[in-house]
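Enquirer: My questions all concern the structure below.
The values are calculated or read from the model by the stated rules, or taken from the named source; none is laboratory data. Since this is a predicted model, take the numbers as computed values, not measurements. Cβ atoms come from the backbone with ideal geometry, glycine included; neighbour counts cover every protein chain shown. The protein model used for the area step is the full one, side chains on, heavy atoms only, and it has no ligands, DNA or RNA in it. Shrake-Rupley method; radii C 1.70, N 1.55, O 1.52, S 1.80 Å.
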Amino acid sequence: MSTQKSYENEKKLLKNHHQSHLLAFWEELEKGQRQDLLAQIQRLDLDKIDVWVNNFIKKNPASSEICADFAPALSYNSSPAGPEQQRKYAEAVKLGKELIAAGKVAAFVVAGGQGTRLGFDGPKGNFPISPIKNKTLFRIFADSIAAVSQKYQAGCPWYIMTSPLNYGRTKEIFRLNNYYGLDEKNVFIFQQGTLPNFSSDGKILLANKANIACSPDGHGGSLKALYESGALDDMKRRGVEFLSYWQVDNPLINIFDPLFIGLHVLDQAEMSSKALIKSGPKEKVGNFCLVDGRVTVIEYSDLSDELAERRNPDGSLVFELGSIAIHIINRTFAEKLNADDFSLPLHRAAKKVRRINKKGNAVESDGIKLESFVFDALPLASKSVILQTIRSEEFAPTKNATGVDSVETTRRMMTARAADWLESAGVAIPRKPDGSVDCLLEIAPSFALEKEDIKEKLNQIPKIKPKSKVYIS
Ligand code: UTP
């Protein structure tokens, strides 16, 4: 079909869907730009977009209600509650180790976010975070994967989801760093999809005269992207059955946790989660609940104050389990979802968008981005297990440049965890009168992947003096 004919078709269609402005600068575009813009418009599902505009853009989602009856979700404690559970945990650890050693488990980090709050130029995974060596997040994960590979004598493939916006740069970073010493064949970097950005009255925004403003479709986009990128096929070829999923901004992640993997498999779950006990009723994390008998995450903003504050007779919160975006996902579960052409619900986020205004001038203004969340796949799983974890052991997200969940708090938590591991092996750690650690510590993953590894290497640990910086490798 000629460009002119396609133009006429799209113009009519856009008019019917109140999005005619997308062609406002047509006369100023060159031939190639026109074809490109038409292709972008043809990829839009305008009927679906009408529904999104009505359901997510024009409505205030804060007023949306949870209609189903729900209850708190059940979970495994971080350590076994009695002899029977002790046996189960031991069995799970054994099984988890066997599965890792057999190459059945792969690492899967979602790194496609835009990291606007951190305000770092480039992929967040390239942010230098470790307290002494200034290792980037990507390097910390790579070092852990290498150490696990060495410990279990196993291939541990690593899948990395980027967005179209940071794919090229991420690939370049890995290349320039020689894949951090990992075998390039075991590192699979792929892209997630995007969704258009909107104004608050439901108009799709233009990034410039020839391109629609888009942003990544949320970490929930990972389940489709795994399929569309060929990552699922790659896993199948390698015999990988389980994906250990985490977020790129959490350097404390225990990527290959035998207990978590083992419990998930023993209970025949399809997608499982780690949870922590919330620091307070309104902590800004999702709440693990049971909705119609299925594990479901309810966002903190959707849980009423009354439910958030509700307490058990022992004083603990009824809804105490917070989601920290750590999951085990069965490869076959992701395959099944894609075979059924599933879709996850969309959530709206009001964020700054770079775009052009009616006159064609570049501006940065408030806009609406739509995203899906990976935890919305939990209710689609036939079975789902939750394992509690300890915050100081496994969760230090670097979201902001300063303040809560910031670079500073993450670095402090990295030192604090290293101190805790060393102290539990009997190493003396200098502390300030308020109990905080009075030195900087960093433990290389090749030295210890968990507390227990320290005990075997006590003779290699130097005396730790107040105010010193000690890198243990
Ligand atoms: P966040 O919700 O923290 O979003 O993502 P973000 O985009 O990184 O940061 P802000 O909100 O702009 O400051 C949580 C995790 O999900 C990944 C991020 O990379 C991070 O690991 N993510 C998020 C994606 O992979 N794709 C997305 O579309 C969104």
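Enquirer: Restricting attention to the stretch 217-242, which residues are touching a Leu at 6+ places or on another chain (Cβ under 7 Å) and either polar (S, T, N, Q) or closer than 21 Å to Lys369 by Cβ (or both)?
Expert: Asp217, Gly220, Leu223
Enquirer: Take the residues of the stretch 264-304 that are part of a helix (DSSP H, G or I) and within 24 Å of Pro345 (Cα to Cα): which is modelled with the highest pLDDT?
Expert: Tyr300
Enquirer: Further question: Could you check, for the stretch 354-362, whether at least one of its residues is within 15 Å of the ligand (Cβ to nearest atom) and surrounded by fewer than 20 Cβ atoms within 10 Å (Cβ to Cβ)?
Expert: Going residue by residue through the stretch 354-362, those that are within 15 Å of the ligand (Cβ to nearest atom) are 354.
The next check asks that each one be surrounded by fewer than 20 Cβ atoms within 10 Å (Cβ to Cβ); those that pass are 354.
There is at least one residue in the stretch 354-362 that is within 15 Å of the ligand (Cβ to nearest atom) and surrounded by fewer than 20 Cβ atoms within 10 Å (Cβ to Cβ).
Enquirer: Of everything in the stretch 227-263, what is more than 20 Å from Ser78 (Cβ to Cβ), of a type in the set (A, V, I, L, M) and either out of contact with any strand residue (DSSP E or B) (no Cβ under 7 Å at 6 or more places or on another chain) or in a loop (DSSP other than H, G, I, E, B) (or both)? Give them in sequence order.
Expert: Scanning the stretch 227-263 gives Leu232, Val240, Val248.
Enquirer: Name, by its number, the condition in (1) of a type outside the set (S, T, N, Q); (2) open to solvent by 40 Å² or more (accessible area, probe 1.4 Å); (3) touching a His at 6+ places or on another chain (Cβ under 6 Å) that does not hold for Lys133.
Expert: (3) is the only condition that Lys133 fails.
Enquirer: Turning to a different aspect of this structure: Just the residues that are over 28 Å from Val93 (Cβ atoms) and among the hydrophobic types (A, V, I, L, M, F, W, C), please, taken from the stretch 110-137.
Expert: Matches in the stretch 110-137: Ala111, Leu118, Phe120, Phe127, Ile129, Ile132.
Enquirer: Mind checking which pairs have a first residue in the stretch 195-219 that is free of Cβ contacts under 8 Å to residues at least 60 places away in the same chain and a second that is within 14 Å of the ligand (Cβ to nearest atom) and aliphatic (A, V, I, L, M), Cβ under 9 Å, 6 or more apart or different chains?
Expert: Cys214/Leu165; Cys214/Leu195
Enquirer: Name the residue, out of Leu337, Leu346, Leu321, Leu380, that is touching a residue at least 40 places away in the same chain (Cβ under 8 Å), out of contact with any Lys or Arg (no Cβ under 6 Å at 6 or more places or on another chain) and either within 16 Å of the ligand (Cβ to nearest atom) or charged (D, E, K, R) (or both). Please lay out each step first, then the result.
Expert: Values: Leu337 fails: either within 16 Å of the ligand (Cβ to nearest atom) or charged (D, E, K, R) (or both); Leu321 fails: either within 16 Å of the ligand (Cβ to nearest atom) or charged (D, E, K, R) (or both); Leu380 fails: either within 16 Å of the ligand (Cβ to nearest atom) or charged (D, E, K, R) (or both).
Answer to the check: Leu346.
Enquirer: Listed residues Ser384, Ser365, Ser343; which is assigned to a strand (DSSP E or B), of a type in the set (S, T, N, Q) and open to solvent by 10 Å² or more (accessible area, probe 1.4 Å)?
Expert: Ser365
Enquirer: Separate question: Within the stretch 389-406, work out how many residues are in contact with a strand residue (DSSP E or B) (Cβ under 8 Å, 6 or more places away or on another chain) and either open to solvent by 30 Å² or more (accessible area, probe 1.4 Å) or not in a strand (DSSP E or B) (or both).
Expert: 9
Enquirer: Filter the stretch 424-469 down to the residues that are open to solvent by 70 Å² or more (accessible area, probe 1.4 Å), free of Cβ contacts under 8 Å to residues at least 12 places away in the same chain and closer than 27 Å to Ser149 by Cα and list them by number.
Expert: Passing the criteria: Glu452, Glu456, Asn459.
Enquirer: Sticking with this one: Any idea which of Glu335, Glu283, Glu320 is of a type in the set (Asp, Glu) and in contact with a Leu (Cβ under 7 Å, 6 or more places away or on another chain)?
Expert: Residue meeting the stated conditions: Glu335.
Enquirer: If you don't mind, there's one more thing I want to ask. Does Leu263 fit the bill of being open to solvent by less than 10 Å² (accessible area, probe 1.4 Å) and within 16 Å of the ligand (Cβ to nearest atom)?
Expert: Numbers: open to solvent by less than 10 Å² (accessible area, probe 1.4 Å): yes; within 16 Å of the ligand (Cβ to nearest atom): no.
Against the criterion (open to solvent by less than 10 Å² (accessible area, probe 1.4 Å) and within 16 Å of the ligand (Cβ to nearest atom)), Leu263 does not qualify.
Enquirer: I'd like to check something: does the stretch 155-174 contain any residue that is more than 16 Å from the ligand (Cβ to nearest atom), touching an Asp or Glu at 6+ places or on another chain (Cβ under 8 Å) and at pLDDT 95 or above?
Expert: Yes, the stretch 155-174 contains at least one residue that is more than 16 Å from the ligand (Cβ to nearest atom), touching an Asp or Glu at 6+ places or on another chain (Cβ under 8 Å) and at pLDDT 95 or above.
Enquirer: Among the residues of the stretch 141-154, is any surrounded by 23 or more Cβ atoms within 10 Å (Cβ to Cβ) and of a type in the set (Phe, Trp, Tyr)?
Expert: yes
Enquirer: Continuing with this model, one more query. For the stretch 221-248, give me each residue that is within 12 Å of the ligand (Cβ to nearest atom) and either of a type in the set (Phe, Trp, Tyr) or over 17 Å from Ile160 (Cβ atoms) (or both).
Expert: Matches in the stretch 221-248: Tyr245, Trp246.
Enquirer: Let me ask something additional. From the residues in the stretch 99-130 that are under 21 Å from Glu172 (Cβ atoms), assigned to a helix (DSSP H, G or I) and open to solvent by 20 Å² or more (accessible area, probe 1.4 Å), which one is farthest from the ligand (Cβ to nearest atom)?
Expert: Out of the qualifying residues, it is Asn126.
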